[in-house]
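Asker: Shown below is the structure under consideration.
The values are calculated or read from the model by the stated rules, or taken from the named source; none is laboratory data. In this text the structure is predicted, and so the values were computed from the model without any measurement. Glycine also receives a Cβ, built like all others from the backbone with ideal geometry; neighbour counts cover every protein chain displayed.
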Amino acid sequence: MINEEIQSFLSTDPTIQDLRRFAKMMGINLKRTMGKKDISRALKKHAQESKHVSSDAATKTPSEILRPSKPVNAEIPSSYFHDFVTIHPVNPYWVYVVWDLSERTARDLSTSQFRLLVRVSDITNIIYDGKNAHRFKESDISIDAGNWYFQVDFPDADYIAEIGYYIDGHFKSVLKSGITRTPRNSPKFTDNEIWVDLRKGSRKELKVSHESSRRARITKSSGPTGNPSSEEFIKTISKSRSGR
Amino acid sequence: MSRGRFVLMLHAHLPFINHPDFPSFMEERWLFEAITETYIPLLQAFRRLRSDGVNFKVTMSITPPLMEMLANNDLQKKYLNYLGSSIELAGIEISRTSAEHPAANRLATHYLHELEDIRKVYEECNCNLVGEFSGFQDSGELEIVTCNATHGFLPLMTNFPEAINAQISIGVDSYRRHVGKDPRGIWLAECGYVPGFDSYLREHGLSFFFVDSHSLWYGDPAPRYGVYRPVVTPENVFVLARDPESSQQVWSAEVGYPGDSRYREFYRDVGFDREEDYIRPYIDPSGERCNTGIKYYKITGKDVPLNEKSYYDLDDARRATVEHAKDFANRKREQVRRLFSQFDGEEPVIVAPFDAELFGHWWYEGPLFIEELFRELNGDDIVVPSTPSEVINSMDQAQVVTPNTSTWGANGYNEVWLNGRNDWIYRHLDEGSRRMIELARKFERTDDALRIRALNQMARELLLAQSSDWAFIITTNTTVEYAVNRTKTHIDRLLRLYGEIESNSIDESRLKTLEWIDSIFPHIDFRVYAKQVG
């Protein structure tokens with residue numbers, strides 16, 4: 001392995017500085033007086049010697065040895081083979097569902113003839129028993145997709161995602177996510193304000209008239225509602241050379 | 001009489017970028033540009049205000065990765081080289097422009113002096129910029145808040161409360177080490193908030209945080225005074241919300257100050273304008289062109305193409321800055337009067353958060369704008385510049401409100417950090433958290449020094465992968481390759497470490513290399529992930 005790495009490194013016609021660094025990383029002692037040819041020769045010799053020896057350096061590429069901090073397009077697993085499904089809100093009307101299956105679950109399910117579905121159910125303010133959702137959406141996308149975005153009906157509502165299949169007309173759940181709540185996108189007014197007395201540390205409940213609860217609305221509408229990190233900002237930033 | 005408070009909040013952040021094995025690395029320039037163009041100019045403005053006896057109050061979040069980079073010896077040396085090279089370029093530009101145009105020549109001389117002053121500030125404080133900022137905190141003019149460890153996007157970590165807890169805990173600990181005291185407040189990365197996060201903050205002794213406007217507008221319940229009075233969460237943590245009017249005045253492409261035709265044009269730079277042979281020593285060694293900070297043109301007009309811009313005039317720009325600072329101050333006075341009349345005698349509190357790098361880096365005249373704004377407001381009866389702690393100390397009562405799930409990203413929720421381009425990241429971040437928690441619990445009591453080092457490094461790799469910057473860069477389509485590779489590389493390093501720790505086959509030399517390059521949080525203790533949370 002080292003042999004191949006060294007050969008491939010030498011074939012890139014490295015500079016003397018790179019040769020020195022590379023040799024150093026390989027643990028080869030060099031003399032100051034050694035020129036490019038001498039170092040190449042030393043490296044080749046080292047390659048011959050380590051031809052049949054396996055060492056930890058074998059897993060490193062030359063560039064990694066030379067410049068270990070350079071971020072690389074490393075191969076990372078596409079699946080970790082656990083059973084899970086999770087759900088996150090994207091915004092008040094979209095949720096993101098991501099899932100994976102263990103090898104065992106995948107095997108069990110692949111032998112059955114049931115078509116797997118991803119289902120997102122609105123279970124706001126109920127104890128969900130698998131059948132009592134207010135409403136649900138299903139997608140029969142390939143389970144291999146690994147994730148999917150669902151448009152949902154309500155902000156400020158609880159959603160759960162499940163992977164399952166139909167048997168005798170009933171949905172059989174195989175995996176369930178936790179519950180997520182979509183963000184609100186409108187004000188929630190109240191007649192009961194709670195205030196903390198910061199001097200005494202006590203709490204008090206305050207009944208408010210509709211007049212004063214409307215004030216929050218007035219306050220809100222007194223200014224423009226544009227977000228500074230708007231599309232416009234994103235575009236401006238995109239024109240630049242760096243993230244920020 | 002109407003009276004209100006004004007909180008200027010500057011969020012100073014850059015992701016941790018450290019390539020000590022490279023003599024220079026393109027992305028390290030982000031830090032160097034920010035030091036030259038934003039951080040030191042802000043310090044210079046603060047110094048002038050102080051020596052002129054002007055009352056000023058600024059709040060800054062200097063994030064943990066930024067503090068770590070500012071304190072990193074390698075990066076300090078590289079910055080001095082970078083600055084030396086900038087000074088050299090300004091010097092040769094003086095002779096170069098003498099034959100071109102007097103306006104450019106005057107600017108080149110200006111840049112040389114400006115850069116030499118910057119070097120003086122940097123050297124005089126022994127490269128310790130965090131110490132310089134802390135000095136202003138000690139004298140009460142600046143309040144520095146922390147941020148979650150690596151600016152991880154917390155709303156997408158809710159499946160792993162341990163990961164959220166670690167981000168907060170390490171953010172607080174890092175602040176303590178660099179600043180020497182406990183932070184009172186925190187800037188949650190991207191203002192990402194989900195109800196319940198307040199309990200983590202409470203747990204770590206944090207008494208306030210910031211949210212975007214709609215977090216309170218759509219809070220439970222909608223607060224009586226909208227975004228103009230801090231509220232407390234059910235866990236008794238104070239919440240300060242962004243004032244949209246202030247942001248609009250500064251940010252808007254239509255009416256925002258930085259778009260004024262007299263201001264300096266960001267996109268014309270000698271790094272792109274000069275011929276290759278001449279500019280090569282001052283750009284990336286690969287030959288890739290980049291900004292050098294030497295810029296001779298003004299915005300001129302929104303629709304004027306880049307190649308038709310007019311020369312920048314320092315005096316004109318200065319006049320524009322003073323005008324804009326006065327205008328902004330007047331608008332704040334008018335806003336305070338308007339709000340005060342509706343507030344039953346309570347003082348309105350206007351919170352104006354910005355990315356710090358807007359001031360100086362993007363908007364060259366920004367630091368001067370801040371300076372002029374405080375001169376304008378000095379001794380003002382209506383608008384009182386304040387820090388969050390001063391605001392909180394002045395309050396007798398606070399309404400209890402649960403802020404809404406929100407961020408300060410485009411459209412206000414999670415789209416910027418969770419979309420078809422970058423969603424692949426989170427499967428790996430989740431797996432990283434899962435494995436980190438698993439091993440932290442398994443080896444919580446280990447006394448094997450090498451294993452402890454490997455576990456600590458695994459935590460660093462997870463934290464670095466979690467930086468929200470990578471997902472942001474992928475969305476904005478800027479340095480995508482770097483962001484993708486950084487994510488994958490940290491995940492890959494984490495997975496390898498996991499395998500080595502599990503099989504008790506830790507490669508010490510490799511570990512040593514990782515400790516050197518991914519050196520953030522040298523005092524990290526992986527056991528933070530073993531804690532039972534939630």
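Asker: Which of the residues belonging to the stretch A:116-149 are modelled with pLDDT under 95, among the charged types (D, E, K, R) and touching an Asp or Glu at 6+ places or on another chain (Cβ under 6 Å)?
Answerer: Those that are modelled with pLDDT under 95, among the charged types (D, E, K, R) and touching an Asp or Glu at 6+ places or on another chain (Cβ under 6 Å): none in the stretch A:116-149.
Asker: Hey, another quick one. Quick check on this structure: which one of B:Val250, B:Val179 is within 13 Å of another protein chain (Cβ to nearest Cβ) and among the β-branched types (Val, Ile, Thr)?
Answerer: Unique residue meeting the criteria: B:Val250.
Asker: Scan the stretch B:417-438 and tell me whether some residue there is over 14 Å from B:Met157 (Cα atoms) and surrounded by 22 or more Cβ atoms within 10 Å (Cβ to Cβ).
Answerer: no
Asker: Output the strands (runs of 3 or more DSSP E) that fall wholly within the stretch A:66-156 and possess 3 or more residues being without any contact (Cβ under 8 Å) to a residue 60 or more places away in the chain and within 14 Å of chain B (Cβ to nearest Cβ), or say none. First the steps, then the outcome.
Answerer: On the way: elements: A:84-91, A:94-100, A:117-122, A:135-139, A:147-151.
Counting at least 3 such residues, we get A:94-100, A:147-151.
Conditions (1) more than 24 Å from B:Phe209 (Cα to Cα); (2) among the hydroxyl-bearing types (Ser, Thr, Tyr); (3) surrounded by fewer than 20 Cβ atoms within 10 Å (Cβ to Cβ); (4) under 14 Å from the mean Cα position of the chain (by Cα), marked per residue:
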position	(1), (2), (3), (4)
B:Asp21	yes, no, yes, no
B:Ser24	yes, yes, yes, no
B:Glu28	yes, no, no, no
B:Ile35	yes, no, no, yes
B:Arg50	yes, no, yes, no
B:Ser61	no, yes, no, yes
B:Pro65	no, no, no, yes
B:Asn73	yes, no, yes, no
B:Lys77	yes, no, yes, no
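Asker: Regarding the stretch B:186-208, can at least one residue be identified that is in contact (Cβ under 8 Å) with a residue 12 or more places away in the chain, in a loop (DSSP other than H, G, I, E, B), within 9 Å of chain A (Cβ to nearest Cβ) and over 19 Å from the mean Cα position of the chain (by Cα)?
Answerer: So far as the stretch B:186-208 goes, yes, one or more of its residues are in contact (Cβ under 8 Å) with a residue 12 or more places away in the chain, in a loop (DSSP other than H, G, I, E, B), within 9 Å of chain A (Cβ to nearest Cβ) and over 19 Å from the mean Cα position of the chain (by Cα).
Asker: Filter the stretch B:115-144 down to the residues that are assigned to a helix (DSSP H, G or I), surrounded by fewer than 20 Cβ atoms within 10 Å (Cβ to Cβ) and among the acidic types (Asp, Glu) and list them by number.
Answerer: Passing the criteria: B:Glu116, B:Asp117, B:Glu123, B:Glu124, B:Asp138.
Asker: Would you confirm whether any residue within the stretch B:396-406 is within 14 Å of chain A (Cβ to nearest Cβ), farther than 22 Å from B:Tyr218 by Cβ and part of a loop (DSSP other than H, G, I, E, B)?
Answerer: Here is the first cut: in the stretch B:396-406, the ones within 14 Å of chain A (Cβ to nearest Cβ) are B:396-406.
Then drop every residue that is not farther than 22 Å from B:Tyr218 by Cβ, which leaves B:396-397.
Filter once more, keeping what is part of a loop (DSSP other than H, G, I, E, B): B:396.
Checked the stretch B:396-406: at least one residue is within 14 Å of chain A (Cβ to nearest Cβ), farther than 22 Å from B:Tyr218 by Cβ and part of a loop (DSSP other than H, G, I, E, B).
Asker: Being surrounded by fewer than 17 Cβ atoms within 10 Å (Cβ to Cβ) and either without any contact (Cβ under 8 Å) to a residue 12 or more places away in the chain or outside any helix (DSSP H, G or I) (or both) narrows it down to one of B:Glu323, B:Glu346, so name that one. Break it down stepwise before answering.
Answerer: On the way: B:Glu346 fails: surrounded by fewer than 17 Cβ atoms within 10 Å (Cβ to Cβ).
Within the list B:Glu323, B:Glu346, the selection yields B:Glu323.
Asker: Return only the number of the condition from (1) in contact (Cβ under 8 Å) with a residue 60 or more places away in the chain; (2) more than 8 Å from chain A (Cβ to nearest Cβ); (3) closer than 13 Å to B:Gly432 by Cα that B:Leu497 does not satisfy.
Answerer: Going through (1) in contact (Cβ under 8 Å) with a residue 60 or more places away in the chain; (2) more than 8 Å from chain A (Cβ to nearest Cβ); (3) closer than 13 Å to B:Gly432 by Cα one by one, B:Leu497 breaks only (1).
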